[in-house]
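The values are calculated or read from the model by the stated rules, or taken from the named source; none is laboratory data. Since the model is a prediction, treat every value here as computed from it, not as a measurement. Here the Cβ positions follow ideal geometry from the backbone for every residue, glycine too, while neighbour counts run over all protein chains shown.
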């Protein structure tokens, strides 16, 4: 349910409108923040731009404040009492994500963490207080977050480019640079067990220096809290495994890799998840960036967001929201475009994308084929097939090759996986067996076997086995079956 406009007029909102200063601390430095303008409101929060002042100069000049006003009691009485606590749950989730990302970014043990920290908006403070207002006053008890200012939304910048407000040209090199930076941010999210789940042109910001950052984690999922925080995902999962043709014996082993689900269960039993109709409220955020595994109740840290980056790159190249047909009829939705596209062979998929890119941008014919090759990997049906796209746009353009009807990408030699392993086959047997990564060829000997196993899974987008939705077993469903 969209709650924008249903929140009660509260004390903090009035003080923000009046320009009352807030106080908080960043790395033991006292910071004063003055609200300058209201940027907009979402389902759970209103967003304000702040001007910061710090005697030490240790903070940037601008920041963003997210205010989570509570739902009015009369509104909750009409729509349901469960609305009363949603603003606090949302604040707690976004705070937990921000603190986790900030902790990893500050530590930056690996090169991926060091690269990714520049491309995710950082949390600056979780409990700011109004200056001149008593700490126990209602305004200081309301929930707020202060975040790094990431610049202008990519959608706004692109509209200015097209309308010649900014005369600078937008060539394929610039688009590629945007995607490369977003992939570094997505890699950091994968290492932290976070799925953004709402990558779009309005949730990616670019500053004057050309640095791109992911913002707005309102629809994000912390995988360790998936049971509690992803009710919508659980409903899709339950609908899938209780399909009348889904074999009961396979529910015990669910979830499995998408290739196995399609080849061993869906195709032999004519289960078509793409032609079925779903309730629009079952999906969060940007429908165009929703990956196909969501229809089966699955999300994967890293790989699911790579799909969103692929959709964004398609928009940057063509101006179209998605290459796939999405049919919306009132409050019902289906995905016939996936059904048609994923029935094609990998070569046919690339030829179709290549042809559409050349038609949309005839002047970029030299980049169309390489962009189509990367898009085929980023928009792959199975999350385990997107690992090559996660390595970067430029790398995939050079390395892409096909083998036995499926895209196979050889990892760079001397890296974490060594030259003898293929991404396309790793997840399936990683899920069912313990693998001694320390014995894998070319593996770094500086890490312990446990660390190697952990980082190998996270580089694939599988995350911690205890946190990953791939490894999560549907315990309530098993109990129901055993009754």
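Here are the numbers for this structure:
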quantity	calculated
Filtered residues of the range 243-272 (kept if in contact (Cβ under 8 Å) with a residue 60 or more places away in the chain and in contact with a helix residue (DSSP H, G or I) (Cβ under 8 Å, 6 or more places away or on another chain))	248, 251, 252, 254, 255, 256, 257, 258, 259, 260, 272
Single condition residue 337 does not satisfy, out of (1) farther than 20 Å from residue 385 by Cα; (2) surrounded by fewer than 17 Cβ atoms within 10 Å (Cβ to Cβ); (3) touching a residue at least 12 places away in the same chain (Cβ under 8 Å)	(1)
Residue in the range 271-282 that is out of contact with any strand residue (DSSP E or B) (no Cβ under 8 Å at 6 or more places or on another chain), assigned to a helix (DSSP H, G or I) and within 26 Å of residue 376 (Cα to Cα) present	no
Residue satisfying condition, being in a loop (DSSP other than H, G, I, E, B) and surrounded by 20 or more Cβ atoms within 10 Å (Cβ to Cβ), within set 244, 255	255
Sole exception among (1) assigned to a loop (DSSP other than H, G, I, E, B); (2) modelled with pLDDT of 80 or more; (3) surrounded by fewer than 16 Cβ atoms within 10 Å (Cβ to Cβ) for residue 133, by number	(3)
Qualifying positions in the range 121-139 - under 22 Å from residue 28 (Cα atoms), in contact with a strand residue (DSSP E or B) (Cβ under 8 Å, 6 or more places away or on another chain) and in contact (Cβ under 8 Å) with a residue 40 or more places away in the chain	121, 124, 125, 127, 128, 129, 130, 131
Those residues of the range 191-211 which are crowded, with 23+ Cβ neighbours inside 10 Å and over 13 Å from the mean Cα position of the chain (by Cα), in sequence order	205
Set 377, 366: member being part of a helix (DSSP H, G or I) and either at pLDDT 95 or above or out of contact with any strand residue (DSSP E or B) (no Cβ under 7 Å at 6 or more places or on another chain) (or both)	366
Every pair of residues 6+ apart whose Cβ atoms lie under 6 Å, when the first sits in the range 46-64 and is closer than 18 Å to residue 91 by Cβ while the second is in a loop (DSSP other than H, G, I, E, B)	63/149; 64/149
Residue match in the range 188-199 (condition: under 22 Å from residue 67 (Cβ atoms), at pLDDT 90 or above and in contact with a helix residue (DSSP H, G or I) (Cβ under 9 Å, 6 or more places away or on another chain))	yes
Candidates 351, 321 - the one that is surrounded by fewer than 19 Cβ atoms within 10 Å (Cβ to Cβ), at pLDDT below 95 and not in a helix (DSSP H, G or I)	321
The listed residue being modelled with pLDDT under 75, over 25 Å from the mean Cα position of the chain (by Cα), assigned to a loop (DSSP other than H, G, I, E, B) and not assigned by TED's automatic domain parsing to the domain that holds residue 286, out of 5, 57	5
Complete set of residues in the range 191-215 that are out of contact with any strand residue (DSSP E or B) (no Cβ under 8 Å at 6 or more places or on another chain) and under 15 Å from residue 116 (Cβ atoms)	191, 192, 211
